[in-house]
2 protein chains.
Amino acid sequence: MSESHMDIKETNILDGLHLSAIAKYQQNSNHLSCLGLVDQVAQVLIEKILNGDIKGGSRLNEEHLKNEFGISRTPLREAFRILDKNGLVEVRPRKGVFVKSITKKDIQDNFPVRANLEGLAAALAYPNLTKTDIQQMEEALQLMRQSAQNNDFYAYTGNHKDFHEIFIHSSKNAVLIGMLNTLRMHTLWHRYTFQYYQQDFEESLALHQQILDLFKSRNTPLTELETLVRHHIEIAMDPFLTAMDKLENASD
Amino acid sequence: MSESHMDIKETNILDGLHLSAIAKYQQNSNHLSCLGLVDQVAQVLIEKILNGDIKGGSRLNEEHLKNEFGISRTPLREAFRILDKNGLVEVRPRKGVFVKSITKKDIQDNFPVRANLEGLAAALAYPNLTKTDIQQMEEALQLMRQSAQNNDFYAYTGNHKDFHEIFIHSSKNAVLIGMLNTLRMHTLWHRYTFQYYQQDFEESLALHQQILDLFKSRNTPLTELETLVRHHIEIAMDPFLTAMDKLENASD
DNA sequence: CAAGGATTGACTGTCGACAATTTAGTTGTC
DNA sequence: GACAACTAAATTGTCGACAGTCAATCCTTG
């Protein structure tokens, strides 16, 4: 912590840790700078937003962030465009970039689309699934059970994510994978809320076991698989919405 | 038409019209510059790519484009990010930005996803449809018939686009609308190919009439509507692929 | 003559500064 | 006392320049 001159109020969006980290990587290692300073900055900002360190609705001030990161405004502005591409911020010309805050409407719009696309992904993946894929999903489901037993909601979310990503990836449809990445990022936006989101593990686990069984079975009708996957996401929306409600009311 | 000074070689990626147009707008009118120079440049580039004026695979040289537009590289680079967001180019760090060229795999990935999402859009739109919506779709279908009679493939594509956009918009799902915009842009990428794309008007017209009938009917089951819309896009893929084949072979 | 390395040229990445615009605060008038 | 116009500070938009990197070409050497 060489920044001794910073009595930074915690109103600062970014703490000093990441900026020095970036500066170090920038100087020392070449291969990381090959990844592009822009992408590094974007990655840090994405993390910050997803973890809730940067609150929704807040404005990303170029001048401040420039100083925080110790870089110029040019790569910063391009990083903003990446955030925009991922739907995390809104770029209002001559006004600045604003972190989007998730509303109920966003969730109500997001879930049906994601449900549909993951259903499609499952159907497309079914003929492609290897033994390794099945095995990995079984492992993921096992970890989900374990996390549920420990009442570790955060870990559960991670395992759940792994489970889904396996068959999404096996769909081998680049367009689909890209869109689901974006959609899932939106949902994970308030990932931290999941820590307080008392999910009904029983139902969720049963459904995922059911899905896995369909994947494992030889002659599963594609429509049945697609419908089930789609359904299991659709019914997850209402609990999510009520969880949002609780959190909103709690912060009042 | 005040641009009388353009004897610009067509080897230029961009002709002089747009750049001078941009410069003019930039000076004269405020409300257009409020739209942001970046967005203007992006819009022009998108048009160029969609119309095929900029070939797929070609590299967008910042230095050249800078001179063409008469602007600096900063807004240009940000415009590139917008193109990237729309999936029209690929940004390779330290290499440059390359216009994506559509492959068969892209089409094979794109159509199923779009079919699924438009099916969902139709189902979501059904309860929201107003008399005006129905009427506009009838008009669009009528224009489609007219264009078909004139063998005007280009106009047909436009009318067809209008027809779809009506119910897509009526889904009132912002996420869905955004994704379909991107997906449809990809398909329209080689919009000019449609001029040579000898579509089977009969089947297409019949299907759209069928869809419109389901929209008009009071008690259409949502699944039936969704399946039909989805199906009518899925079956459009193969003719599109063969059309691509022909075009490829023709250009050899 | 061929292969490997150095060199040069072109291009992208980054930066600091200036210009334009918005916003907030202040002053003046009705 | 309230509203409007003006002013000033803050912030975004744009630009030209420099630095670093990649690639192709040319030269050297075996």
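Under the condition of being near DNA strand D (Cβ under 9 Å from one of its atoms) and surrounded by 17 or more Cβ atoms within 10 Å (Cβ to Cβ), the residues counted in the range B:55-68 number 0. Please determine whether any residue of the range B:83-93 is polar (S, T, N, Q), farther than 24 Å from A:Ala121 by Cβ and either open to solvent by 20 Å² or more (accessible area, probe 1.4 Å) or modelled with pLDDT of 95 or more (or both). No, every residue in the range B:83-93 fails to be polar (S, T, N, Q), farther than 24 Å from A:Ala121 by Cβ and either open to solvent by 20 Å² or more (accessible area, probe 1.4 Å) or modelled with pLDDT of 95 or more (or both). In the range B:76-114, what residues are in a helix (DSSP H, G or I), more than 9 Å from every other protein chain (Cβ to nearest Cβ) and over 19 Å from the mean Cα position of the chain (by Cα)? Of everything in the range B:76-114, just one residue is in a helix (DSSP H, G or I), more than 9 Å from every other protein chain (Cβ to nearest Cβ) and over 19 Å from the mean Cα position of the chain (by Cα), namely B:Leu76. Against the test of being more than 16 Å from DNA strand C (Cβ to nearest atom), part of a helix (DSSP H, G or I) and modelled with pLDDT under 90, the options B:Leu19, B:Leu32, B:Leu117 yield a single qualifying residue, B:Leu19. Checked against (1) modelled with pLDDT of 95 or more; (2) assigned to a loop (DSSP other than H, G, I, E, B), B:Lys55 passes all but a single condition, namely (1).
Sub-8 Å Cβ pairs linking a first residue in the range B:81-105 that is aromatic (Phe, Trp, Tyr) to a second residue that is surrounded by fewer than 17 Cβ atoms within 10 Å (Cβ to Cβ), at least 6 apart or interchain, are B:Phe98/B:Gly57; B:Phe98/B:Ser58; B:Phe98/B:Arg59; B:Phe98/B:Glu90; B:Phe98/B:Arg92, ordered by first then second residue.
Does A:Thr187 satisfy being open to solvent by 20 Å² or more (accessible area, probe 1.4 Å), touching a Lys or Arg at 6+ places or on another chain (Cβ under 9 Å) and within 25 Å of A:Ser101 (Cβ to Cβ)? No. Whether a residue is within 17 Å of A:Thr74 (Cα to Cα), open to solvent by 20 Å² or more (accessible area, probe 1.4 Å) and more than 13 Å from chain A (Cβ to nearest Cβ) was assessed, and B:Ile71 passes this test. Just one residue in the set A:Met179, A:Met137 is open to solvent by less than 50 Å² (accessible area, probe 1.4 Å) and within 14 Å of the chain's Cα centre (by Cα); that residue is A:Met179. Each residue in the range A:49-71 was checked for being within 10 Å of DNA strand C (Cβ to nearest atom) and either of a type in the set (Gly, Ala, Ser) or closer than 14 Å to A:Lys100 by Cα (or both), and 1 pass.
The values are calculated or read from the model by the stated rules, or taken from the named source; none is laboratory data. What you see is a predicted model, and the numbers here were worked out from it, not measured in a lab. Glycine also receives a Cβ, built like all others from the backbone with ideal geometry; neighbour counts cover every protein chain displayed. Side chains are part of the model used for accessible areas, which takes the heavy atoms of the whole protein and leaves out ligands, DNA and RNA. Shrake-Rupley method; radii C 1.70, N 1.55, O 1.52, S 1.80 Å.
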